[in-house]
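A short write-up of the structure that comes next.
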Amino acid sequence: MITEESISLTWPNIKIEELPVFKPKLDLAVMASGKGSNFEALIKSIERSQLQASINCLLVNNETCGSIAIAEKYNVPYEIINHKQYSSREKFDFEILRILDTYNIEGIVMAGWMRIVTPVLIDKYKNRIVNIHPSLLPSFRGINAVNQAVEMNVKISGCTVHLVTEAVDSGKILIQAAVPLLEGESQYSLTKRIQSEEHKILPIGVALAAKVWREF
Ligand code: GRF
């Protein structure tokens with residue numbers, strides 16, 4: 001039965017089984033600041049062999065973030081780098097580059113990375129940084145996107161996987177999922193429903209970006 005909760009539309013309509021087979025597997029780093037549910041979804045899609053990838057490193061900017069426990073659970077090496085110890089965004093990004101250079105990385109997945117990145121990082125990994133954002137971009141860029149959607153009383157929100165460029169939440173869109181708002185929906189319940197779509201589209205978005213790096 002179709003309920004309002006179950007209505008969602010993902011476009012492009014690519015099933016995870018239709019993702020390209022990457023051989024050798026993709027070497028990725030994940031950057032995260034939050035609880036890490038998208039990071040875990042990515043790990044699970046790799047474990048199920050849906051995405052041929054290895055997450056060589058998790059980078060977090062906050063030692064209390066839940067992503068660390070997930071890295072420990074799945075034995076992903078992680079590094080904590082506190083942005084507050086750097087006097088500029090550029091200096092922080094140079095340190096990120098230095099760390100990533102010690103891992104073998106061809107692409108970066110920002111799975112809830114809550115810092116603005118600069119050309120220092122973006123230019124080195126041009127078209128190889130993927131971000132997940134909880135709105136149908138270009139609506140509701142920046143922070144509190146779900147809250148903004150609820151306050152604007154929109155009827156449909158969703159999530160977007162896109163490439164990272166200098167302008168925040170503005171790079172090429174790879175895949176989106178639409179999530180209709182229910183009557184009187186709270187930010188909490190909408191966040192949960194959007195996140196369950198995020199977990200589905202993130203691995204697909206990564207594969208779509210990687211198809212270009214690998215020239216499929
Ligand atoms: C996600 O909703 C993502 O769209 C946003 O930050 C949130 C991270 O959630 N950029 P989690 O840490 O992956 O659970």
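Each reported figure results from applying straightforward, stated rules to the coordinates on display, with no laboratory input. Everything numeric in this text was worked out from a predicted model, so none of it was measured. Virtual Cβ from ideal backbone geometry, glycine too; neighbours counted across all protein chains shown.
Its Cα gyration tensor gives the chain an equivalent ellipsoid; the semi-axes, largest first and in whole Å, are 27, 21, 16.
For the pair R98 and R214, a Förster radius of 25 Å applied to the C-beta separation gives a FRET efficiency near 0.45, rounded to the nearest 0.05. Sequence-ordered 3J(HN,Hα) estimates for the range 119-136 from the Karplus curve with 6.51, -1.76 and 1.60 and θ = phi - 60° stand at x, 3, 8, 5, 5, 5, 10, 4, 6, 10, 10, 10, 10, 10, 10, x, 7, 8 Hz, glycine and proline given as x. Ordered by the number of other Cβ atoms lying within 10 Å of each residue's own Cβ, fewest first, R128, R214 fall into the sequence R214, R128. From the Kirkwood radius over Cα pairs of the range 99-165, Stokes-Einstein at 37 °C and 0.692 mPa s returns a whole-number translational diffusion coefficient of 247 µm²/s. Extension gain, R48 to E151: 0.36 nm times the residue separation minus the Cα-Cα distance gives 33.3 nm.
Of all beta bridges that DSSP places with both ends in the chain, some 45 percent have antiparallel geometry.
Taken one residue at a time, the phi angles of the range 138-152 give Karplus couplings (6.51, -1.76, 1.60, θ = phi - 60°) of x, 6, 6, 6, x, 7, 6, 4, 5, 4, 4, 5, 5, 5, 7 Hz. Gly and Pro are set to x. Scanning residues 5 or more positions from I81 or on other chains, those with amide H under 5 Å from its amide H are V60, N61, N62, with H placed 1.01 Å from N in the peptide plane. Spin-label pair T64-R115: with each label point 7 Å from Cα along the Cα-Cβ axis, the two points sit 1.8 nm from one another. Excluding I105 itself, calculate the net charge of residues whose Cβ lies under 11 Å from the Cβ of I105, where each Lys or Arg counts +1 and each Asp or Glu counts -1. Neighbourhood net charge equals -1.
Between amide H atoms placed 1.01 Å from N, distances below 5 Å from Y103 occur with no residue 5 or more places distant or on a separate chain.
Panel order for F39, F216, F92, F22, by other beta carbons found within 10 Å of each beta carbon, from fewest to most: F216, F22, F92, F39. Here the range 126-176 is treated with +1 on each Lys and Arg Cβ and -1 on each Asp and Glu Cβ, and its dipole about the Cα centre works out to around 200 debye. For the peptides 59-71, 7-19, the ranking by packing is 59-71, 7-19, with the highest mean count of neighbouring Cβ atoms within 10 Å listed first. Principal axis extents of the C-alpha atoms in the range 1-101 (largest first, rounded to whole Å): 53, 37, 27. In plain terms, the residue of M110, M152 with the fewest other Cβ atoms within 10 Å comes first and the most crowded comes last, giving M152, M110.
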